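Enquirer: Questions regarding the structure given below will be posed in turn.
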Amino acid sequence: MEKHTLSVLVENSPGVLTRVAGLFARRGFNIDSLAVGRTDRNDVSRMTIVVEGDRSLIEQVTKQLHKLIDVIKISNITEEEYVDRELVMVKVGAEPNQRVETMHIAGIFRARVVDLGRKTITFECTGNAGKINAFEESLRPYGIKELVRTGKIAMLRGNKFVSVGGTSRDDEED
């Protein structure tokens with residue numbers, strides 16, 4: 001089964017996330033990743049939803065989402081060129097004699113220290129899922145005390161973009 005990345009523009013109103021998540025739950029669809037945030041317009045939010053399934057399941061999901069009153073635009077950007085990112089914060093055990101090692105690993109992944117305790121270091125790292133997974137695995141031997149990870153956010157590459165009016169292309173060169 002293939003993972004599909006959906007970019008869903010919705011009205012920025014109370015309960016919209018609950019309605020979208022409820023739709024998936026009622027239909028028995030699993031959300032692999034979900035990230036929501038305001039767009040350049042205060043009245044519109046973008047949901048980046050990653051769902052695993054075949055084309056017919058994605059068509060069904062899309063049809064069901066279109067029925068929700070808060071949904072403005074749905075774009076399946078899976079087959080387009082897009083850039084995506086996730087964020088992870090990882091707190092690892094780090095005795096003073098291990099700090100140089102863990103900070104060296106963080107440097108390889110271009111992660112940065114966001115907190116330093118007497119026996120722990122907390123790093124933040126951004127990148128695609130592969131990079132985040134590799135960073136996490138590299139720190140496991142040091143003892144992960146806590147880990148929090150966002151869902152994927154994504155945008156189309158180049159002069160294509162998803163807007164309230166639909167998926168568009170600027171006539172200007174990048």
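Enquirer: Determine if the stretch 12-24 includes at least one residue that is in a strand (DSSP E or B) and under 20 Å from the mean Cα position of the chain (by Cα). Reasoning before the result, please.
Expert: Step one: filter the stretch 12-24 for residues in a strand (DSSP E or B), giving none.
Looking through the stretch 12-24, none of the residues is in a strand (DSSP E or B) and under 20 Å from the mean Cα position of the chain (by Cα).
Enquirer: Collect the residues in the stretch 67-108 that are more than 26 Å from Ile49 (Cβ to Cβ) and crowded, with 19+ Cβ neighbours inside 10 Å, keeping them in residue-number order.
Expert: Just the residues of the stretch 67-108 that are more than 26 Å from Ile49 (Cβ to Cβ), to begin with: 91-108.
Within the stretch 67-108, Lys91, Val92, Ala94, Thr102, Ala106 meet the criteria.
Enquirer: To continue, here is another question. Among Thr48, Thr62, Thr39, which is the only one that is within 25 Å of Gly165 (Cβ to Cβ) and at pLDDT 95 or above?
Expert: Working: Thr62 fails: at pLDDT 95 or above; Thr39 fails: at pLDDT 95 or above.
Being within 25 Å of Gly165 (Cβ to Cβ) and at pLDDT 95 or above holds for just one of Thr48, Thr62, Thr39, which is Thr48.
Enquirer: Any residue at all in the stretch 65-75 that is farther than 24 Å from Ala134 by Cβ and within 17 Å of the chain's Cα centre (by Cα)? Let's see the steps before the verdict.
Expert: Our first condition is that a residue be farther than 24 Å from Ala134 by Cβ; within the stretch 65-75, this holds for 65-75.
Now restrict to residues that are within 17 Å of the chain's Cα centre (by Cα): 74-75.
Yes, that holds for at least one residue.
Enquirer: Enumerate the pairs (first residue in the stretch 117-132 and in contact (Cβ under 8 Å) with a residue 40 or more places away in the chain; second residue anywhere and among the acidic types (Asp, Glu) and surrounded by 19 or more Cβ atoms within 10 Å (Cβ to Cβ)) with beta-carbon separation below 9 Å, excluding pairs fewer than 6 apart on the same chain, so at least 6 apart or on different chains.
Expert: Thr126/Glu86; Gly127/Glu86; Asn128/Glu86; Ala129/Glu86; Ile132/Glu86
Enquirer: Then there is this: If you go through the stretch 126-146, how many residues are part of a strand (DSSP E or B) and surrounded by 13 or more Cβ atoms within 10 Å (Cβ to Cβ)? Don't jump to the end; show me each part of the working.
Expert: Initially, the stretch 126-146 is screened for residues part of a strand (DSSP E or B), giving 126-127, 144-146.
Okay, now just the ones that are also surrounded by 13 or more Cβ atoms within 10 Å (Cβ to Cβ), so 126-127, 144-145.
Residues meeting the conditions: 4.
Enquirer: Kindly indicate whether Ala154 is under 18 Å from the mean Cα position of the chain (by Cα) and modelled with pLDDT of 90 or more.
Expert: yes
The values are calculated or read from the model by the stated rules, or taken from the named source; none is laboratory data. No experiment lies behind these values; they were computed from the predicted model shown. Virtual Cβ from ideal backbone geometry, glycine too; neighbours counted across all protein chains shown.
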